[in-house]
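J.: Below is the structure I would like to discuss, written out as structure tokens.
The values are calculated or read from the model by the stated rules, or taken from the named source; none is laboratory data. None of the values given here were measured: they were computed from a predicted structure. Cβ atoms come from the backbone with ideal geometry, glycine included; neighbour counts cover every protein chain shown. These area figures cover heavy atoms from the full protein model, side chains too; ligands, DNA and RNA do not enter into them. Shrake-Rupley method; radii C 1.70, N 1.55, O 1.52, S 1.80 Å.
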Amino acid sequence: MARKRRMEISGLNVLFCLLVIFIHIISYPVSAFPVNTLRYNLVMLPWRLSSFVVQGFILLSGVKVFLNGKDKLTFGAYFKARISGVIVPYAVCFLIYYLCFMRVYAYPLEFGFILKHFLLGSLVCHLYFIPIIFQFDLLFPVWKRVVNRCSPMLVIPFAILATQLLEGYLPQMIETAFEGCKFPYNDRIFTTYLSYWLIGCYIGKYYDAFCEMLKKNFTTVCVLFAISLVAVVGFSYLAFNQLVYIPYVNTVHGIYVLFVCMFLYALALKIPAEKLEKIPFLQEIDGASFYIYLYHMLTILFAGWVLQRLGIQAEGFAFIIRSVLAYGLTLPGCILYRKLKKRVPKLQSRKEIV
């Protein structure tokens, strides 16, 4: 019997899903407006504060592995499920994007070029998430052994430290070891997200205790989140407006990411499950969230084509058009696609019975 989905996880999954669309919509005015202006900061700060969703998705992925009992699977069974559930949809999505880019941007039909972008997730800005998740999947036996045998009090601090060090120094280490070699792919290596994954795994393993801890310490979580929020706003304002060079701005942001995830988790637990269940389309968006993540840039790119055809250059109006098309086409389109996809096996089984 399938285990009922935890509504706080559904709520967070939907929130992250909606925010990732927002980030890619608002990135246009962020890149268009001149720095150190009011309008730049009005879009840059929300963009920066929302830039925790990939880490949030990775954390939730770790939660689901150990909460849903996937850690009891053999590597073969787990890997097979991930191929069908992640890689096949990604391959279909990649093909659709690539065919569109061949038509619009004259991308070449060249195997090496295609393979490189497929493995790196570099065809479209958001697809790098899939290679990251797949790297964690390939190391599934390691996570089983670590989480089931080692204390989180030992592993989590080590993972946080390793994440910060490797994120900051891995490219330099590689470039030093291989003279003249540039390493621009640090954002799609699993070590950059190691702490979020392992924290998620331990949350899933000790889920009830974790939820109880957040409920009992809600005030403390809010205070820590507020402090990190003020810090990341201040440092981001100074750094992104090029007022002061701050070498540790990403470290501050990494601390903020951890606290905002804990704060939102605690907040989601405050909402009764029956109230979350009554939110229109929440479960539909939750079920279609992976497809929404994969295909939302297609509608944003389509919105860009519409704006170009209409000759709209004002960023405020363009933001509205992108938002309407991105949310208005992606959400119902992916929900409908998932429903139709779920009906296909039923239709096939009926034909076999007939």
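J.: Using DSSP H assignments, which helices in the chain have an axial alpha-carbon span of 18 Å or above and a mean Kyte-Doolittle hydropathy of 1.0 or higher? Kindly include the intermediate steps, with their values, before the conclusion.
T.: Details: long enough: 7-32 (38 Å, 1.78); 53-67 (20 Å, 1.95); 88-105 (24 Å, 1.54); 152-177 (33 Å, 1.03); 218-240 (32 Å, 2.23); 249-270 (31 Å, 1.63); 289-310 (31 Å, 1.07); 315-353 (56 Å, 0.09).
Membrane-span-like by this criterion, though nothing is claimed about a membrane: 7-32, 53-67, 88-105, 152-177, 218-240, 249-270, 289-310.
J.: Tell me the Kirkwood radius of the chain: reciprocal of the mean inverse pair distance over distinct alpha-carbon atoms, in Å.
T.: Numbers: mean 1/r = 0.0450 Å⁻¹.
So the Kirkwood estimate lands at 22.2 Å.
J.: Something else: Accessible area per residue for the stretch 198-354 in Å², computed with a 1.4 Å probe and the full protein assembly in place, what is it? Please list the in-between numbers first.
T.: Numbers: 9160 Å² over 157 residues.
On a per-residue basis, the stretch 198-354 sits at 58 Å².
J.: To continue, here is another question. Write down the accessible area per residue of the stretch 62-177 in Å², having rolled a 1.4 Å probe over the full set of protein chains. Don't skip to the answer; put the middle values down first.
T.: Details: 6400 Å² over 116 residues.
Counting only protein heavy atoms, the per-residue value for the stretch 62-177 is 55 Å².
J.: Then there is this: Measure off, as a whole percent, the carbon and sulfur share of the 1.4 Å-probe accessible area of the chain, all protein chains present. Walk me through the intermediate numbers first.
T.: Numbers: 13010 of 19170 Å².
On the chain, the fraction of accessible area on carbon and sulfur atoms equals 68 percent.
J.: Rolling a 1.4 Å sphere over the protein heavy atoms, what is the accessible area per residue of the stretch 1-58, to the nearest Å²?
T.: Values: 2480 Å² over 58 residues.
Per-residue value: 43 Å².
J.: Count the net charge of all other residues whose Cβ sits under 12 Å from the Cβ of Ser61, scoring Lys and Arg as +1 and Asp and Glu as -1.
T.: Numbers: positive: Lys64, Lys70, Arg82; negative: Asp137.
Taking every Cβ under 12 Å from that of Ser61, the sum is +2.
J.: Right, another one. With an 8 Å cut-off on Cα pairs and a minimum separation of 6 or more residues, tell me the relative contact order of the stretch 197-271 in percent. Working shown, then result.
T.: On the way: 41 pairs, mean separation 29.2, N = 75.
It rounds to 39 percent for the stretch 197-271.
J.: State, as an integer percentage, the relative contact order of the chain based on alpha-carbon contacts under 8 Å between residues 6 or more apart.
T.: On the way: 300 pairs, mean separation 94.6, N = 354.
It comes to 27 percent, rounded to a whole number.
J.: What number, rounded to the nearest 500 deg cm²/dmol, is the helix-based mean residue ellipticity at 222 nm of the chain, given -39500 (n - 2.57) per DSSP H run of at least four residues and division by all its residues? Please report the intermediate quantities before stating the final value.
T.: Values: 17 runs with 274 residues, N = 354.
For the chain, the value works out to -25500 deg cm²/dmol.
J.: When all protein chains stay in place, what accessible area (Å², nearest 10, 1.4 Å probe) is found for Thr220?
T.: Approximately 70 Å² of Thr220 is accessible to the 1.4 Å probe.
J.: What dipole magnitude, in Debye to the nearest 20, does the chain give about its Cα centre under +1 on Lys/Arg Cβ and -1 on Asp/Glu Cβ? Walk me through the intermediate numbers first.
T.: Details: 34 positive and 16 negative charges, 288 e Å.
Using only the charged Cβ atoms, the result is roughly 1380 debye.
J.: Which pairs in the list Lys70/Lys144; Lys72/Lys216; Lys144/Lys205; Lys116/Lys182; Lys215/Lys270; Lys70/Lys278 are over 19 Å apart, alpha-carbon to alpha-carbon? Provide the component values of the computation, followed by the final result.
T.: Numbers: Lys70/Lys144 10 Å; Lys72/Lys216 30 Å; Lys144/Lys205 10 Å; Lys116/Lys182 16 Å; Lys215/Lys270 8 Å; Lys70/Lys278 29 Å.
Cα-Cα > 19 Å for Lys72/Lys216; Lys70/Lys278; rest within.
J.: Moving on. With a sphere of radius 14 Å drawn around the Cβ of Phe281, what net charge do the other residues whose Cβ falls strictly inside it have (Lys, Arg +1; Asp, Glu -1)?
T.: Charge balance in the 14 Å sphere: 0.
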